[in-house]
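What follows is calculated from the coordinates using simple rules that are stated; it is not laboratory data. Keep in mind that this is a model prediction, so the values were computed, not measured. Positions of Cβ are generated from backbone atoms using ideal geometry, with glycine treated the same way; all protein chains shown enter the neighbour counts.
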Amino acid sequence: MIRYGYTILYIDDPKQTLLFYHELLRLPIKAQHGSYVEFDTGTTTLAFNTKEDVRTLIAYDIPDKTGPQSLEIGFVTDDVKGVYERIIAAGFLSILAPTVKPWGQTVAYVLDPDGHLVELCSPMS
């Protein structure tokens, strides 16, 4: 049996990542070791580490800049507008303000400190 356990995204500034994911999104810290941090998101773990640290751990050339988006991180919340406003008030970039989709779900998009696309959405009914 195999199960999906975690995702690790590469970052530049751990302090900005903690501000965004811990203080603004209010995700609990599950573990933290140096520049590596894990957040408890329920059934899986969302983790971050600096590109520099990863380069010292494995022989893989992590690019310095995030390229065109090929993924998004989605968070389900009953308060899309409130979470969105907290993030925007802290100076992070809005991609789409809270919008009600034809199927009834409210969604918003922002960029995290490293340019990862983050979706905030209401639960599907």
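Using a 10 Å cut-off around each Cβ, can you sort Lys65, Lys30 from fewest to most neighbouring Cβ atoms?
Least to most surrounded, the residues fall as Lys65, Lys30.
Would you list Ile8, Ile87 from fewest to most Cβ contacts within 10 Å?
Going from sparsest to densest Cβ surroundings: Ile8, Ile87.
Contact order normalised by length for the chain, with contacts defined as Cα pairs under 8 Å and 6 or more residues apart; what percent is it?
22 percent
Which value in deg cm²/dmol, rounded to the nearest 500, describes the helix-derived mean residue ellipticity at 222 nm for the chain, given -39,500 (n - 2.57) per DSSP H run of n ≥ 4 and division by the residue count?
Counting only the DSSP helices, I get -4500 deg cm²/dmol.
If I compute volume of the Cα convex hull per residue in Å³ from the structure I just sent, which labelled value in [x] 149; [y] 105; [z] 139 lines up?
Recomputing volume of the Cα convex hull per residue in Å³ here picks out [z].
Angle between the Cα long axis of helix 80-89 and the longest principal axis of the chain, 0 to 90 degrees, nearest 10?
Taking Cα atoms only, the helix is inclined about 60 degrees.
Could you go through segment 105-113 in sequence order and give the Karplus-derived ³J(HN,Hα) for each residue, using 6.51 cos²θ - 1.76 cosθ + 1.60 with θ = phi - 60°, rounded to whole Hz, and x for Gly and Pro?
7, 8, 9, 9, 10, 9, 9, 7, x
Given the C-alpha centroids of segment 12-32 and segment 67-111, what is the distance between them in whole angstrom?
Measuring centre to centre over Cα atoms gives 17 Å.
Taking the Cα centre of segment 6-121 as the origin and placing charges on Cβ (Lys, Arg +1; Asp, Glu -1), which of Thr106, Leu96, Leu25 is farthest toward the positive end of the dipole?
Thr106
Quick check: net charge around Val110, other residues with Cβ under 13 Å of its Cβ, Lys/Arg +1 and Asp/Glu -1?
That works out to -3.
Per residue of segment 31-43, what does 6.51 cos²θ - 1.76 cosθ + 1.60 with θ = phi - 60° give for ³J(HN,Hα)? Whole Hz please, x for Gly and Pro, Karplus curve as stated.
So the Karplus estimates, Gly and Pro as x, are 7, 8, 9, x, 7, 8, 9, 10, 10, 7, 10, x, 7 Hz.
What order do you get for Ile11, Ile88, Ile29, Ile2 when you list them from fewest to most C-beta neighbours inside 10 Å?
Ranked by crowding around the Cβ, least crowded first: Ile2, Ile29, Ile88, Ile11.
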